[in-house]
1. May I ask you to verify whether Ala100 is over 13 Å from the mean Cα position of the chain (by Cα) and either closer than 21 Å to Arg382 by Cβ or buried (at least 24 other Cβ atoms within 10 Å of the Cβ) (or both)?
2. Looking at Ala210, Ala206, which is the one that is at pLDDT 95 or above, closer than 19 Å to Tyr361 by Cα and open to solvent by less than 10 Å² (accessible area, probe 1.4 Å)?
3. Would you be able to say whether some residue in the stretch 454-461 is polar (S, T, N, Q) and in a loop (DSSP other than H, G, I, E, B)?
4. Please enumerate the residues belonging to the stretch 156-184 that are on the phi < 0 side of the Ramachandran plot, within 9 Å of the chain's Cα centre (by Cα) and not charged (D, E, K, R).
5. Taking the stretch 347-383 as the search range and keeping residues that are assigned to a loop (DSSP other than H, G, I, E, B) and charged (D, E, K, R), which one is farthest from Leu258 (Cα to Cα)?
6. Any residue at all in the stretch 340-361 that's of a type outside the set (Asp, Glu), over 19 Å from Phe149 (Cβ atoms) and surrounded by 24 or more Cβ atoms within 10 Å (Cβ to Cβ)?
7. Test Gly27 against the stated conditions and say whether it is modelled with pLDDT under 95, in contact with a Gly (Cβ under 8 Å, 6 or more places away or on another chain) and surrounded by fewer than 16 Cβ atoms within 10 Å (Cβ to Cβ).
8. Tell me yes or no: at least one residue of the stretch 362-372 is in contact (Cβ under 8 Å) with a residue 24 or more places away in the chain and open to solvent by 20 Å² or more (accessible area, probe 1.4 Å).
Amino acid sequence: MLAVVVLVLAGFWLAGRWRELWGPPPGGPRRALLLVVGVAVLFRLPLAGQGAAGYVTPDGALSGIVALHLRDGTEHLVFVPHVPYSGSLKSHVTAPLAVAIDPARAFALVSVGFFAAFVAALYRLALLAGTSGWAALAAGLYAAFAPAFVTRYSLSNDGNYVEVLALGTWALVLAARWRREDRASDLLNLAIGLLLGLAFWCHILAVIHAAAIAVWALVVAPRRALRAVPPAALGFVLGDWPGLLWNAANGWESFLYLLPGRVGGGAPAGGPGLGSRAWGLITDQSLVLLGYDPGYSAPIDFALKVVAVLAAVVAAVAIIAAARDAWRRRSAGLGLLLCFTAVNVLMALVALPQIEGNPRYLQFLMAPLPVFIARFLDAPPRRWLMALLVAFGAAGSLAQVPGTIRADAQWRRFVADLEAAGVRWCDTDFHLATKINFLSQERVVCSSKLGPTTTEYFFDYRRRVEAAPEVALVAVNATAAEKLERRLERLGVTYERRDFMKPVLTRLSRKVDPEELFPGREFPMR
């Protein structure tokens, strides 16, 4: 409660100093700012309304469950259980909204809100970096109609990346203002720290933004940077106050994840060398980040890859051009974006795992890359290429909509089928259990004990299922269902099979624990 009070008071105080902090958009009309933010929101609202459940991932459902517990007053968590680097800020924002509307849609709408804040910050950042009004608008539109991968994350509650993208980019905006003016510098320092603290509570990868701003500030104004440390540190404490209180009582577990190899498993020891990882970043991660979306037919796949390669080449040339201009003009704003890009790429190369086709640790680059690309293409002979890249992102994002809407309908129908069949408790796999628990709003409680992935984050689910009088078995596919049927028959247990979205074995003649079905197997919760 104290943490919430501190955050609310800090928010009201900063809101009262709004114009001093944020000021009017420098060098560009408010109309353009409203345009890019409005486009970002309107582009996503239909997707949030019709595809919210389709955008929910198993990991994202964990934050959804945290919001359900906040809404119902049963539990007030600072972090997702056993994940002390995944904070509950968005869950706290979502919980009141989930009182009035479907929780999956509430989460998607809150994600859209954070993404809109990011787009607004990006537009302001482009202007502060010295771009023209056209380039700032183009950069904002590029982000508003983001490539498919980024659009998915802007609508999901997976990993808290969209919160860090929004809060971290606003911290970059204030850092750029800090270099431009001495006025209200202490207030700016405090606000930068506050935004970084909030972002760090959401996900410790906000350390990328903090490190980049610190390195840049020490280079461009070392004395001012040192004087900025106390107010920035105070702001960080205010922003991360809930996380710090939790850590003080739990061995500072969040900060242990700052050690190399802790986040996401880290870069595996004995794995690919730095050269191989760099090649993977170029040939896989960057292409997906910039619009390549696998899974289509061969001709479409080839076309997507060609345009993504074109976008990657343009981005590389744009970064080189920005570095040249930053040196020639002594542009601190461009220098900040270049420093941030270098820190993010370096972290991805040496400290974070590479997940094929999933550049989640690179998506913070969506702050500097649109600025670099737009300013490089800001000439009449090249502006058509910027329009092409914006259209490419929009088309890729829209192409995923039919499948996502189908997935939304399938998942909602599956949960409704389970409830109609009288299923109250079930054993299944982690990837199914978390989504069932969230989308059913815990009217159906599932444990992950059946597997094959038995990981549990909310241990109470397994205890409740183990104590339940009857438990259905939800198989991951038809083959797994047939295997379960054979084992039940050997045990002399009768059942009823229902082929919903996933096969469900229900109305068992007696309760059967997965340990009885698979003797000798271990069923770890972590």
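The values are calculated or read from the model by the stated rules, or taken from the named source; none is laboratory data. Quick caveat, the model's predicted, so the values are computed rather than measured. FYI the Cβ positions are ideal-geometry reconstructions off the backbone, even for glycines, and counts take in every protein chain you see. Ligands, DNA and RNA are stripped out before the accessible areas are found, and what is left, the full protein with its side chains, is counted by its heavy atoms. Shrake-Rupley method; radii C 1.70, N 1.55, O 1.52, S 1.80 Å.
1. Details: over 13 Å from the mean Cα position of the chain (by Cα): yes; either closer than 21 Å to Arg382 by Cβ or buried (at least 24 other Cβ atoms within 10 Å of the Cβ) (or both): no.
Judged against the criteria, Ala100 is not a match.
2. Details: Ala210 fails: open to solvent by less than 10 Å² (accessible area, probe 1.4 Å).
Of the residues listed, the single one that is at pLDDT 95 or above, closer than 19 Å to Tyr361 by Cα and open to solvent by less than 10 Å² (accessible area, probe 1.4 Å) is Ala206.
3. Kept after step one, since they are polar (S, T, N, Q), are these residues of the stretch 454-461: 454-455.
With the extra rule that they be in a loop (DSSP other than H, G, I, E, B), the set shrinks to 454-455.
Yes: one or more hits.
4. Step one: list which residues in the stretch 156-184 are on the phi < 0 side of the Ramachandran plot, which gives 156-158, 161-183.
Narrowing further to those that are within 9 Å of the chain's Cα centre (by Cα): 156-158, 161-165.
Those that are on the phi < 0 side of the Ramachandran plot, within 9 Å of the chain's Cα centre (by Cα) and not charged (D, E, K, R): Ser156, Asn157, Tyr161, Val162, Val164, Leu165.
5. Filtering the stretch 347-383 for residues assigned to a loop (DSSP other than H, G, I, E, B) gives 351-354, 356-357, 359, 367, 377-382.
Adding the requirement that they be charged (D, E, K, R) leaves 356, 378, 382.
On the way: Glu356: 23, Asp378: 39, Arg382: 42 Å.
It comes out as Arg382.
6. yes
7. Values: modelled with pLDDT under 95: yes; in contact with a Gly (Cβ under 8 Å, 6 or more places away or on another chain): yes; surrounded by fewer than 16 Cβ atoms within 10 Å (Cβ to Cβ): yes.
Yes: the conditions hold for Gly27.
8. Initial filter on the stretch 362-372 (in contact (Cβ under 8 Å) with a residue 24 or more places away in the chain): 362-372.
Within this subset, residues satisfying the condition of being open to solvent by 20 Å² or more (accessible area, probe 1.4 Å) are none.
No: zero hits.
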